[in-house]
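The next block holds one structure in the form of structure tokens; read it before the comments.
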Amino acid sequence: MSFKEYKNFFSLEECNALINNFKKNVQNHEIYRNTVILKLKDASPKLINTLQKDLNLILNYGQIVHWPNGSFMNRHYDGTVFKDNSFSAICYLNDNFKGGRTLLQDKMINPETGKTIVFNSKKMEHGVEEVIGDRFTYISWWKKQR
């Protein structure tokens with residue numbers, strides 16, 4: 001599997017609810033490199049059920065990430081710090097910004113509100129091009145069910 005894409009996985013209302021959750025929990029924000037994150041205690045049952053059924057994955061953890069103007073992520077592989085992080089799911093919560101495409105090997109994935117992509121982030125080099133505006137994503141990390 002190179003990557004799996006689910007168009008319109010989350011509705012506009014679900015995406016806006018996640019962004020609003022991020023905005024109302026300012027006291028729990030953490031800075032990570034050039035982004036602002038909100039760690040989540042739970043995850044979307046819809047996402048958990050879909051990825052368990054389709055790909056036999058189990059959730060490790062997730063977070064809402066605000067990518068402010070000028071932020072980016074260099075190409076990298078996951079699983080070096082947290083060994084169980086073998087797969088990543090990126091849910092795009094908005095698309096009213098410029099840039100911010102996900103770099104996945106030799107592909108550029110365009111953000112679309114509600115779209116979710118899943119890939120083996122331990123084996124596939126990935127990153128984020130510079131964002132012009134404010135980009136919000138729900139990112140979660142997964143491992144294969146044994």
Exercise. Excluding ILE139 itself, calculate the net charge of residues whose Cβ lies under 12 Å from the Cβ of ILE139, where each Lys or Arg counts +1 and each Asp or Glu counts -1.
Key: +1
Quiz item: Spin-label point model (7 Å from Cα, Cβ direction): what's the ILE139 to ASP106 distance in nm?
Solution: 2.5 nm
Quiz item: Among PRO68, PRO111, PRO45, whose mean-square fluctuation peaks in a Gaussian network model of the chain (Cα, cutoff 10 Å)?
Solution: PRO45
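When a/c reaches 1.5 or more, the comparison of a/b and b/c decides; with that in mind, is the chain rounded, prolate or oblate per its Cα gyration tensor? Don't skip to the end; give the middle numbers.
Numbers: a/c = 1.34, a/b = 1.17, b/c = 1.15.
Rounded, because the longest to shortest axis ratio a/c is under 1.5.
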Practice problem: Report the net charge of residues surrounding GLU14, where surrounding means a beta-carbon distance below 13 angstrom and charges are Lys +1, Arg +1, Asp -1, Glu -1. | Solution: +1
Practice problem: Rounded to the nearest 0.05, what FRET efficiency do ARG146 and THR80 give with R0 = 30 Å and r taken as the Cβ-Cβ distance? Could you check? | Solution: 0.90
Quiz item: Per Stokes-Einstein, at 4 °C and 1.567 mPa s, what whole-number D in µm² s⁻¹ belongs to segment 1-86, with the Kirkwood radius over Cα pairs as the hydrodynamic radius?
Solution: 86 µm²/s
Quiz item: What is the count of Lys pairs in segment 22-67 whose alpha carbons sit under 22 Å apart, if the two are 8 or more places apart or on different chains?
Solution: 5
Exercise. Under 15 Å from the Cβ of LYS115, count the other residues' Cβ atoms, weight Lys and Arg +1, Asp and Glu -1, and hand me the total.
Key: +2
Quiz item: Counting only heavy atoms of protein chains, what accessible area per residue, in Å², does the chain have with a probe of 1.4 Å?
Solution: 54 Å²
Self-check item: the chain: most fluctuating residue of ARG75, ARG101, ARG135 per GNM, C-alpha cutoff 10 Å
Solution: ARG75
Quiz item: On full extension of the chain, what length is gained from LEU12 through LYS39, given 0.36 nm per residue of separation minus the C-alpha to C-alpha distance?
Solution: 7.6 nm
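The values are calculated or read from the model by the stated rules, or taken from the named source; none is laboratory data. Note that the structure is predicted; figures quoted are calculated from it, not measured. Here Cβ is always computed from backbone atoms with ideal geometry, including for glycine, and neighbour counts include all displayed protein chains. Only protein heavy atoms, including side chains, enter the accessible area calculation; ligands, DNA and RNA are left aside. Shrake-Rupley method; radii C 1.70, N 1.55, O 1.52, S 1.80 Å.
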